[in-house]
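Below is one structure, written out as structure tokens; the observations come after it.
Read the figures in this text as sums done on the coordinates, not as results from a lab. Bear in mind that the values here come from a model prediction, so they are computed numbers and not experimental data. Positions of Cβ are generated from backbone atoms using ideal geometry, with glycine treated the same way; all protein chains shown enter the neighbour counts.
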Amino acid sequence: MSTILIVEDEPDILSMLRDYLEMEGYAVLTAGCGRDAIAQAQRGPDLILLDIGLPDMDGLAVCRALRDHLPCPILFLTARITEDDKLQGFASGGDDYILKPFSLKEIGARVQAHLRREARSRYRTRIRFDPSLVIDYSQRVVFVREQTVTLPKKEFDILALLSTHPGQVFDRERIYEDVWGLEGDGDSAVVSEHIRRIRVRLEAAGSPPMIQTVWGVGYKWAKR
């Protein structure tokens, strides 16, 4: 069963959407403001319906905050939309716009379409590296012994870089440039700490040690 998070500050609209989606067979989480949305998103919904006009935070800011750790489709709900609005929304990490007033059938169709697309994407982008270790690059999660391990954005970006180039050695500077970008204003020394955290999370879940240290050079993903 897919889980939908509805973020809407108008109680009537929130109730209508919740009732409809529950009747359609979805599990539903709700939030009436941006802070609640960010808290509820920690429960890992499969899709988010996000009102742009929230009382405490702009919906675009909420979307940007969620995109740091959540890969699921985010569909904006809005009473008005211009070309600039769309560009800002897509730039903040949104996937679609639904204009108010909307029909419930339209909501249902959009939700189904995005969930189907996600399912196809997951199928194409899951790679098994070990009998106990699977990485889903689309959902940006790792499965260890069927247990979901969710990594923060930078940690997953490092994991993705190394695991998609098994056996290739990356020094800290190269990892930093790839993950933080040339504009990053930090220090490549943070790479070692992030890799330590990745190892702790994966090995605590039962993963074999996949990130190897090449002393004096850098790191590599173990070939199997």
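Report the gain in length on full extension from Trp215 to Val134: 0.36 nm times residue separation, minus Cα-Cα distance, nm rounded to one decimal. Provide the component values of the computation, followed by the final result.
Numbers: separation 81, 0.36 × 81 = 29.16 nm, distance 2.68 nm.
Taking 0.36 nm per residue and subtracting the Cα distance, the gain is 26.5 nm.
With axes computed from alpha carbons, what is the tilt in degrees of helix 11-23 against the longest principal axis of the chain, rounded to the nearest 10 within 0 to 90?
70
Where Lys and Arg each count +1 and Asp and Glu each count -1, what net charge lies around Glu155 among other residues with Cβ under 13 Å from its Cβ?
My count for the surroundings of Glu155 gives +4.
What does the highest-first list of 138-146, 189-197 look like by mean Cβ count within 10 Å?
Descending mean neighbour count gives 138-146, 189-197.
So what is the calculated 222 nm ellipticity per residue for the chain, using -39500 (n - 2.57) for each DSSP H run with n of 4 or more, over all residues, to the nearest 500 deg cm²/dmol?
For the chain, the value works out to -13500 deg cm²/dmol.
What's the local net charge at Glu146, with K and R +1, D and E -1, over the other residues with C-beta under 14 Å away? Mind dumping the intermediate values first?
Details: positive: Arg126, Arg128, Arg145; negative: Asp130, Asp136.
Net of charged neighbours comes to +1.
Under 21 Å from the Cα of Lys153, which lysines turn up, not counting those fewer than eight places away in the same chain?
Candidates past the 8-residue exclusion: Lys220.
List the lysines whose alpha-carbon lies under 17 Å from that of Lys86, not counting same-chain residues fewer than 8 positions away?
Excluding near neighbours in sequence, the set is Lys100.
Residue by residue through the range 63-72, which ³J(HN,Hα) values in whole Hz follow from phi under the Karplus form 6.51 cos²θ - 1.76 cosθ + 1.60 (θ = phi - 60°), with glycine and proline marked x?
4, 4, 5, 5, 5, 5, 9, 10, x, 5
I'm spelling it out carefully: the read-out is Rg and Dmax of the Cα atoms in Å, the candidates are (i) 19.6, 61; (ii) 17.6, 52; (iii) 16.4, 49, and one was derived from this structure. Which label?
Read-out from the structure maps to (i).
Summing Lys, Arg as +1 and Asp, Glu as -1, what charge do residues with Cβ under 13 Å from the Cβ of Ala204 carry, Ala204 excluded? Present the calculation step by step, with values, prior to reporting the outcome.
On the way: positive: Arg145, Arg196, Arg197, Arg199, Arg201; negative: Glu203.
After counting each charged neighbour, the total is +4.
Tell me the relative contact order for the range 22-138 as a rounded percent, counting alpha carbon contacts under 8 Å between residues six or more apart.
19
Using Cα pairs closer than 8 Å and at least 6 residues apart in sequence, work out the relative contact order for the chain, in percent. Don't skip to the end; give the middle numbers.
Working: 343 pairs, mean separation 29.0, N = 224.
Averaging sequence separation for qualifying contacts and normalising by length gives 13 percent for the chain.
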